[in-house]
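Trainee: Pasting a structure below so you can have a look.
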Amino acid sequence: MEKFHSWNRRDFIARVMGSLAASPLLGRSDFLFGQSAKSAPAAPKADASAKPIYRTLGRTSISLPIVSMGVMNADVPGLIPRSYQLGIRHFDTAAVYQQGRNEEMVGRMIKEMGVRDKVIISTKVARPGRSRDRNQTSSLTYSPAEVKANLLDIFQGSLKRLQMDHVDILYNHAADSVAEVNSEGTLEAMAALKKEGKARFLGVSSHRPEMVLKEAMKLGVYDVVLITINFTMASDEELLRTIDEAAKKGIGIVAMKTQAGGALRPDPKLGKPLTPASQTALLKWVLHHESITTAIPGYTTYEQLEQNFSVASNLAYTTEEKEFLSDKNAVANAQFCAQCGQCRPDCPQGVDIPQLMRSHMYAVQYSNHSLAAETMAPIASGKGLATCESCESCRATCRHSVNIARKIEHLKKLASSGVLQA
Amino acid sequence: MFRSLTLLSILLAASVGAMCAQRTAEQDSNHQEMVKLVPEPLPADTAVKYKAFYGPDNLYEYMDGAADIFVLYGVRTLLHLELRAKAADITADVFDMGSPDTAFGVYAAERSPDFHFIAMGAEGYQYEGMLNFLQDRYYVKLLGFGDGVDAELESLARELSARIGANPTLPKLLGRLPAENRKPHSEQYMPTNPLGHAFLGPAYVAAYGAGDQESKLFVTVAREASDAQERLKQLEAHFAKTGLLKPAPELGEGAIRASNSFEGSVLAQTKGRYLILLVNPVKGSEQLLKNAAASLE
């Protein structure tokens, strides 16, 4: 493995910009939903006259409607003014989205609309060395000074693309490890940008919500934390407690991946596409947690926009949404493991199936393999995934129709490819 | 040449190694096809730093959210390699997108007209330490650093292009669109949600200049003429609800003019199984819509 490269600055920036082009972004969005307007059930419509619910973003004192726009995959400029017309006031982008063109679109539209002082703009910059599988150890390492210089360069590009002299929230992008949350070079750069007024508030985004919230509370530097949170985590009591604890300490919490990957499941073989009601139900489920200020669902059509923003003024579940959340079949289609443990006796080897299902959730729905590996690590010897290798297929049956065998096979495949390493 | 052979040989070894980790016959078949893109034998003084195949259900493991667009465009397989050859570090990502249209679509989605374009495959561009190109159903992205890496990338790209061999052209429908005032390298292919409307996909797009202004021509492809008419009706309903809608018989039978406060102005008409839209029409650009309709007859 290589250590510090003695690159000249040109090489360094070229590499970093190259990384941007193939860079990992934050998780999947919900933008695959709604591709067949004719066949899909009608989505709820936003009522422009209805007053959206506002919440305060922790110690920033920023007040926001509970539904915001994750611009990530949107490439239709008109979605931004339409979102503003309906009442959305927070637009979230990142330097890497669409190789910077996402920021350009946000900047151009906000300028044309003349509403910069009425909206909250967030962007994200990632540390270098994340151009490969995040579960692999990069062969490139960077000094704090290199990281700082890199971030300052990239953020300068962000401001230029956004046509702004500052952003409201600057996130440390996709910090999925303790080291990344606490990255010395990153923190130095962000602190400098805040001091210069180029970033009003500092934030960190992560697929590992519990970890990042705990680290943010310890560190005391981040004003805002952008976390993955959705219904698949409903049984994660420690996470939900941590969210409340962080909010009480003044950390503003923004939710992403609220619809757990949208109407298409991360693994298409796991379940049928979900309905529009499922999407609003899932968004409402997240926003029923009052410690979460706002969510940034991604959308790429006007229909999806209206569907998402319909939630902003009314969190009460509709009959159809209640049916989705309580219907065993619907939830089973979504393949959410309820961690009930009723499958345990089915396994002749006594494998800890619920824990494996939880690991699968982390691996697939969170796309966080290290967390999946960490979740499997404490499983008692003889009760883990290795024991499953002796069976051709799993005989356990889920009382709620989760496809346990398929998920076990998926975990085996991930394990054999070597990505499940803590 | 030796350098390129070195790199290409590494590709082969890495491909074979990565294949061992794959299980299904379908995947193996596809991976075999990709292996054929690179020559052998392997030189001794090379090293593979990292190698993997990814498919639509695990591309997220490599690219995280950036995988969305590749999945949307129908990616079948990514052959991902990180190579070390002498002083050069190179990452080679070869995406099998399943069809020339979808390969073009994802390539164009990541392309900017401002890039430095080179003659490579159907189209390619290069800048410091990076070379991307499109050919047939493959989108190839090469990234590297080190002295002389740009020449290495170009040499590697030419070898890969030769191995792909087939179809070094852009989608045929683009060639039927009016050429006058078309902005170079502005064409796109959107399988879903063009203009933010699910019912308009798929669509080919090209930008046209008129002074300092720009109009965009969208050609949405329906299964048959009645489907194209249905799309037009849905578009009419959308603008009737959100803005203004007027018939424009001077543009052609069934043509419309529409506008609202967030999408601007649109001219639209059908021609056979195509629904043609001109977004942000400027003075004189009505003729562009007519010309496009005529060329698609």
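The values are calculated or read from the model by the stated rules, or taken from the named source; none is laboratory data. Just so it is clear, the model here is predicted, and its values are computed rather than measured. Every residue, glycine as well, gets a Cβ built from its backbone with ideal geometry; the counts of neighbours run over all protein chains shown.
Trainee: Considering segment A:379-391 alone, what residues qualify as being free of Cβ contacts under 8 Å to residues at least 12 places away in the same chain and in a loop (DSSP other than H, G, I, E, B)?
Mentor: Result: A:SER381, single match.
Conditions (1) at pLDDT 60 or above; (2) within 20 Å of B:LEU143 (Cβ to Cβ); (3) in contact with a His (Cβ under 6 Å, 6 or more places away or on another chain); (4) of a type outside the set (D, E, K, R), marked per residue:
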{"site": "B:LEU12", "(1), (2), (3), (4)": "no, yes, no, yes"}
{"site": "B:ASN30", "(1), (2), (3), (4)": "yes, no, no, yes"}
{"site": "B:PRO56", "(1), (2), (3), (4)": "yes, no, no, yes"}
{"site": "B:GLY65", "(1), (2), (3), (4)": "yes, yes, no, yes"}
{"site": "B:THR77", "(1), (2), (3), (4)": "yes, yes, no, yes"}
{"site": "B:LYS86", "(1), (2), (3), (4)": "yes, yes, no, no"}
{"site": "B:ILE90", "(1), (2), (3), (4)": "yes, yes, no, yes"}
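Trainee: Among B:LEU153, B:LEU160, which is away from chain A (no Cβ under 14 Å), surrounded by 23 or more Cβ atoms within 10 Å (Cβ to Cβ) and more than 17 Å from the chain's Cα centre (by Cα)?
Mentor: B:LEU160
Trainee: Of all residues in segment A:77-97, which are surrounded by fewer than 22 Cβ atoms within 10 Å (Cβ to Cβ) and within 10 Å of chain B (Cβ to nearest Cβ)?
Mentor: Scanning segment A:77-97 gives A:PRO77, A:GLY78, A:PRO81, A:TYR84, A:GLN85.
Trainee: Just need a number here: residues in segment B:155-178 that are closer than 14 Å to B:ALA103 by Cβ, without any contact (Cβ under 8 Å) to a residue 40 or more places away in the chain and part of a loop (DSSP other than H, G, I, E, B).
Mentor: Residues flagged as closer than 14 Å to B:ALA103 by Cβ, without any contact (Cβ under 8 Å) to a residue 40 or more places away in the chain and part of a loop (DSSP other than H, G, I, E, B) within segment B:155-178 amount to 1.
Trainee: Out of all the residues in segment A:174-191, is one or more at pLDDT 95 or above, within 14 Å of chain B (Cβ to nearest Cβ) and either more than 24 Å from the chain's Cα centre (by Cα) or buried (at least 20 other Cβ atoms within 10 Å of the Cβ) (or both)?
Mentor: Among the residues of segment A:174-191, not one is at pLDDT 95 or above, within 14 Å of chain B (Cβ to nearest Cβ) and either more than 24 Å from the chain's Cα centre (by Cα) or buried (at least 20 other Cβ atoms within 10 Å of the Cβ) (or both), which makes the answer no.
Trainee: Of the numbered conditions (1) part of a helix (DSSP H, G or I); (2) crowded, with 24+ Cβ neighbours inside 10 Å; (3) in contact with a helix residue (DSSP H, G or I) (Cβ under 9 Å, 6 or more places away or on another chain), B:VAL140 fails exactly one; give the number of that condition.
Mentor: If we test B:VAL140 against (1) part of a helix (DSSP H, G or I); (2) crowded, with 24+ Cβ neighbours inside 10 Å; (3) in contact with a helix residue (DSSP H, G or I) (Cβ under 9 Å, 6 or more places away or on another chain), just (1) comes out false.
Trainee: Hey, can you tell me all the residues within segment A:48-76 that are in a loop (DSSP other than H, G, I, E, B), within 14 Å of chain B (Cβ to nearest Cβ) and under 21 Å from the mean Cα position of the chain (by Cα)?
Mentor: Selection gives A:VAL71, A:MET72, A:ASN73, A:ALA74, A:ASP75.
Trainee: Which pairs have Cβ atoms under 6 Å, sit 6 or more apart or on different chains, and link a residue in segment B:269-297 that is surrounded by fewer than 16 Cβ atoms within 10 Å (Cβ to Cβ) to one that is in a helix (DSSP H, G or I)?
Mentor: Cβ pairs passing all conditions: B:GLY272/B:ALA225.
Trainee: Can you tell me which residues in segment B:267-282 are in contact with a strand residue (DSSP E or B) (Cβ under 7 Å, 6 or more places away or on another chain) and assigned to a loop (DSSP other than H, G, I, E, B)?
Mentor: Answer for segment B:267-282, where residues must be in contact with a strand residue (DSSP E or B) (Cβ under 7 Å, 6 or more places away or on another chain) and assigned to a loop (DSSP other than H, G, I, E, B): B:ARG273, B:ASN280, B:PRO281, B:VAL282.
Trainee: Quick check on segment A:392-422: of everything there that is among the small types (Gly, Ala, Ser) and not in a helix (DSSP H, G or I), which residue is nearest to B:TYR54 (Cα to Cα)?
Mentor: Result: A:SER417.
Trainee: To continue, here is another question. Which residue is farthest from B:ARG137 (Cα to Cα), if the candidates are limited to segment B:189-214 and must be surrounded by 19 or more Cβ atoms within 10 Å (Cβ to Cβ) and more than 14 Å from every other protein chain (Cβ to nearest Cβ)?
Mentor: B:TYR208
Trainee: Any residue that is away from chain A (no Cβ under 12 Å), in a strand (DSSP E or B), under 21 Å from B:PRO191 (Cβ atoms) and in contact (Cβ under 8 Å) with a residue 60 or more places away in the chain - is there at least one of those in segment B:93-100?
Mentor: yes
Trainee: Filter segment B:230-268 for residues that are crowded, with 19+ Cβ neighbours inside 10 Å, without any contact (Cβ under 8 Å) to a residue 24 or more places away in the chain and within 14 Å of another protein chain (Cβ to nearest Cβ) and give the result.
Mentor: Correct list: B:ALA258, B:ASN260, B:PHE262.
Trainee: Could you name every one of the helices (runs of 4 or more DSSP H) located completely within segment A:138-211 that has at least 3 residues being in contact with a helix residue (DSSP H, G or I) (Cβ under 9 Å, 6 or more places away or on another chain), in contact (Cβ under 8 Å) with a residue 60 or more places away in the chain and farther than 22 Å from A:ILE227 by Cα?
Mentor: A:144-162
Trainee: Next question. Can you go through A:GLY350, A:GLY341 and tell me which one is surrounded by fewer than 23 Cβ atoms within 10 Å (Cβ to Cβ) and modelled with pLDDT of 85 or more?
Mentor: A:GLY350
Trainee: Moving on to the next point. Determine which member of the set A:ALA373, A:ALA386 is over 17 Å from A:ASN403 (Cα atoms), at pLDDT 85 or above and not charged (D, E, K, R).
Mentor: A:ALA386
Residue-wise test of (1) in contact with a strand residue (DSSP E or B) (Cβ under 7 Å, 6 or more places away or on another chain); (2) touching a residue at least 60 places away in the same chain (Cβ under 8 Å); (3) charged (D, E, K, R).
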{"site": "A:GLN98", "(1), (2), (3)": "no, no, no"}
{"site": "A:LYS111", "(1), (2), (3)": "no, no, yes"}
{"site": "A:ASP117", "(1), (2), (3)": "no, no, yes"}
{"site": "A:THR123", "(1), (2), (3)": "yes, no, no"}
